[in-house]
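Structure first, commentary second.
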Amino acid sequence: MHAQRTLRRAISCAGIGLHSGKKVTLSLKPALANTGITFRRSDLGGLELPAKISHVGGINLATGLRGDTQGGAQSDTVRVDTVEHLLAAFVSLAIDNVIVELNSPEVPIMDGSAAPFIYLIQEAGVKTLQAPRRYLKVLRPMSLSRGDKRIALYPSDHFKITYSIAFDHPLLRHQSRTIRLTEDSFVEDIAPARTFAFLEDVEKMRQQGLALGGSLENAIVIGETGVLNNALRFDDEFVRHKILDVIGDMALVGYPIIGHLVAHRGGHALHTEFAAQVMGETDAWTLVEAPAPEAVPGKVPVKGAVRATN
């Protein structure tokens, strides 16, 4: 049996919400088999939201969850925003069950990548549970287009991602990358890639009440001729971050994926709309028990991580 996993012990950190600008304390706690990833708002008396596509709402430059605890229609009673980087870390390190406790409605942005969350998971350690892990195996192609934006899933023997971006800017007019997702490849090649924004858009976002916690410490800011930060972590850090985002957004289907995901000029709205479409096309996939990802958590040191407190 290829078993589900959780954390060995609880661990915490503190940071700033990218859009709220408020200080946030985040705690990751072990959970029982078949719990899934659950967000808990400690500032709202422990109200909880599962990381499921049915609870997606408030997509605005980040992925958010909405809902109430009575099982009724979606509402703003409980919300958690900017969940994608943390979810990408969980799915890529094969963490199936965890309670994510927050004292604020936004996951802290940390350094703008998933690297600090990888560090937290590695510090907490991994515990194997007595329940089988199930994977969503793609049986036939599925696709979604919105103008010049496209995303699709094709059958494959493993989870592979091909992503391409195109912007009207000399620094990132076109970038493309394909990666077979394993724990090692995520930690080395994807997790350290930071979120990015154009300088001309930053003031517009702040006028809308967004990016209030953004800075050169947690985002790549792109000016007319180059980045305002000291250096990029990768020459193609922008497309790598898009891969990070889509891994986190597609994690909302609730199962690790066995298939080839191909996206062009996507964003959180397209990713999450497609995740909902995938869950609706039940003849296009099946749930299987399959080998766990290849590498062992903690084998590869993570770049750009910050130390946690617990």
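General observations
Per-residue answers, yes or no, for (1) buried (at least 17 other Cβ atoms within 10 Å of the Cβ); (2) modelled with pLDDT under 95:
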| residue | (1), (2) |
| --- | --- |
| 1 | no, yes |
| 12 | no, no |
| 25 | no, no |
| 42 | no, no |
| 52 | yes, no |
| 67 | yes, yes |
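- Residue 189 being within 18 Å of the chain's Cα centre (by Cα), in a helix (DSSP H, G or I) and closer than 19 Å to residue 233 by Cα: yes
- Condition met for residue 178 (over 23 Å from residue 265 (Cα atoms) and at pLDDT 90 or above): no
- Failed criterion for residue 113 (all others in (1) of a type in the set (Ser, Thr, Tyr); (2) in a loop (DSSP other than H, G, I, E, B); (3) in contact with a strand residue (DSSP E or B) (Cβ under 7 Å, 6 or more places away or on another chain) hold): (3)
- Of all the listed residues (286, 272, 309, 282), the sole one being modelled with pLDDT of 50 or more and either of a type in the set (Lys, Arg) or touching a Ser or Thr at 6+ places or on another chain (Cβ under 8 Å) (or both) is 272.
- If you check 114, 166 for being within 25 Å of residue 215 (Cα to Cα) and in contact with a Lys or Arg (Cβ under 9 Å, 6 or more places away or on another chain), only one passes: 166.
- Summed over the stretch 147-170, the residues that are within 24 Å of residue 258 (Cα to Cα) and either assigned to a strand (DSSP E or B) or acidic (Asp, Glu) (or both) give a count of 13.
- Single unsatisfied condition, residue 173 versus (1) out of contact with any helix residue (DSSP H, G or I) (no Cβ under 6 Å at 6 or more places or on another chain); (2) part of a loop (DSSP other than H, G, I, E, B); (3) in contact (Cβ under 8 Å) with a residue 12 or more places away in the chain; (4) within 18 Å of residue 243 (Cα to Cα): (3)
Per-residue answers, yes or no, for (1) over 25 Å from residue 58 (Cα atoms); (2) over 13 Å from the mean Cα position of the chain (by Cα); (3) in a helix (DSSP H, G or I); (4) in contact (Cβ under 8 Å) with a residue 12 or more places away in the chain:
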| site | (1), (2), (3), (4) |
| --- | --- |
| 202 | no, yes, yes, yes |
| 205 | no, yes, yes, yes |
| 209 | no, yes, no, yes |
| 212 | no, yes, no, yes |
| 221 | no, yes, no, yes |
| 225 | yes, yes, no, yes |
| 234 | yes, yes, no, yes |
| 249 | no, no, yes, yes |
| 270 | no, yes, yes, yes |
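The values are calculated or read from the model by the stated rules, or taken from the named source; none is laboratory data. Being a predicted model, the structure only gives us computed values, none of them experimental. Backbone-built Cβ (ideal geometry, glycine too); neighbour counts: all protein chains shown.
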